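The values are calculated or read from the model by the stated rules, or taken from the named source; none is laboratory data. The structure displayed is predicted, hence computed values, not measured ones. Cβ placement follows ideal geometry from the backbone for every residue including glycine, while neighbour counts extend to all protein chains displayed.
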Amino acid sequence: MSAAKDIATELPRPIGNGLEAIVGQRVAVQALQRAIERDRLPHALLFAGPQGVGKATTALLLAQALNCQSIGPTDACGECISCSKIARGIHPDVVWIAPAPRIIRIGQIRELISAIGYRPHEGKRRVVIVDDAHAMPGAAQNAFLKTLEEPPASTTIVLATAAPGSLLPTVQSRCQTLRFSPVGQETVRQYLEQQMQLPGEEARLRAALNPGSIGGALAMDLEAYGTLLETVVEALRLSQHGGGGVVAAADSLANNGYGETATQRAASTLRVGRDVLRDLLVVTSEAEGAGLVNSAQRDAWVAWGREVNEDAVIDALRALNVGIERFTTGIQPNIKMALEQTLIEIGGALGGAGQRVAS
Ligand SMILES: [Zn+2]
């Protein structure tokens, strides 16, 4: 089917060493391997867990293991013809569906259902992977229900999602749920340094900025982050000096950041601000043991730290966390006003009573 070709570029980075190489998901991986060993792998699985912790990669490796011509079915060699075709997204019996670009259309689901009506072409087992399954609107989920209930013979369906609660209860109840955990920051750092061979400082920074998520740490654009960091620092400095600068600072935050929606972008700039204030707290509290997130900026933080005291930074962090909540509680705020309000509160903390007397 054509969908497989369209989405091949979206496949997660294939890993050569099989399921055993999945980092930080031992419980989920062993549960899968035990089920395969006992020939009791459910026909429909729901991989639930945060973004970027390996759900889609595990689904792909499961597909490889079940079809591996060398060491399957409880693990994959990563090298045989079957494993290699699956990694490249060209195996006829492994179907990958993902949002195109934001939702999974009912047409994609109908196309899928008709394509899996036949026996597997060349593999031992057909595997259907629906990534970001929560992106299926209700109608698409409903269209999929009957297939989930009685999948065609020799077919395993995996729904991967960071938001299982967005799936209809009828969909959830037809799948066996497997939980994926956040991955520890140190585990992410080690993986980036040892397996992906990134330089030590880069691995540390990527892990620090993407707690719990190998996928997020790998995908992050560090150059864009550097630019955003400068913008956010400037906005915080403007807010510290008060006056009309706050309006300009809120403008600049509203026009930057990551994410699909304006609300997500605003929240992302405040999260970068949280990293900045945490670093400022480390230097003002002289907590030598606590590492800096952005340690390359140490000199700038130390210089800034001469202007403000620890209590002021704690108050500013509190105001900033309240600000982040304004964007993440589900109520859509007026973005500019919410950013201005947050910056005024941060500025009040940093520029007010907490200001150090020049000595
Ligand atoms: Zn293989």
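Values for this structure:
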item	result
Candidate set: segment 72-119, residues that are within 9 Å of the ligand (Cβ to nearest atom) and without any contact (Cβ under 8 Å) to a residue 24 or more places away in the chain; chosen: the one surrounded by the most Cβ atoms within 10 Å (Cβ to Cβ)	83
Residues of segment 113-142 satisfying the condition of being among the hydrophobic types (A, V, I, L, M, F, W, C) and modelled with pLDDT of 90 or more	113, 127, 128, 129, 130, 133, 135, 136, 139, 140
Residue list for segment 302-329, restricted to those being under 25 Å from residue 254 (Cβ atoms) and among the basic types (Lys, Arg)	318, 326
Condition met for residue 61 (touching a Lys or Arg at 6+ places or on another chain (Cβ under 9 Å), of a type in the set (A, V, I, L, M), over 19 Å from residue 172 (Cα atoms) and within 11 Å of the ligand (Cβ to nearest atom))	no
Every residue from segment 33-58 that is within 16 Å of the ligand (Cβ to nearest atom), more than 16 Å from the chain's Cα centre (by Cα) and closer than 22 Å to residue 95 by Cβ	36
Total residues in segment 36-93, condition of a type outside the set (S, T, N, Q) and either under 18 Å from residue 178 (Cβ atoms) or outside the structural domain of residue 123 (by TED's automatic domain parsing) (or both)	30
Pair list, Cβ < 7 Å and 6+ apart or interchain, from segment 30-44 residues that are assigned to a loop (DSSP other than H, G, I, E, B) to residues that are buried (at least 18 other Cβ atoms within 10 Å of the Cβ)	41/156; 43/151; 43/155; 43/156; 43/157
Conditions (1) of a type outside the set (A, V, I, L, M, F, W, C); (2) touching a residue at least 40 places away in the same chain (Cβ under 8 Å); (3) closer than 25 Å to residue 142 by Cβ: number failed by residue 64	(3)
Tally, over segment 221-263, of residues that are under 23 Å from the mean Cα position of the chain (by Cα), surrounded by fewer than 16 Cβ atoms within 10 Å (Cβ to Cβ) and touching a residue at least 60 places away in the same chain (Cβ under 8 Å)	2
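Let's see how each residue does on (1) surrounded by fewer than 21 Cβ atoms within 10 Å (Cβ to Cβ); (2) over 14 Å from residue 264 (Cβ atoms); (3) of a type in the set (A, V, I, L, M):
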position: 312; (1), (2), (3): no, yes, yes
position: 320; (1), (2), (3): no, yes, yes
position: 329; (1), (2), (3): yes, no, no
position: 336; (1), (2), (3): yes, yes, no
position: 344; (1), (2), (3): yes, yes, yes
position: 351; (1), (2), (3): yes, yes, no
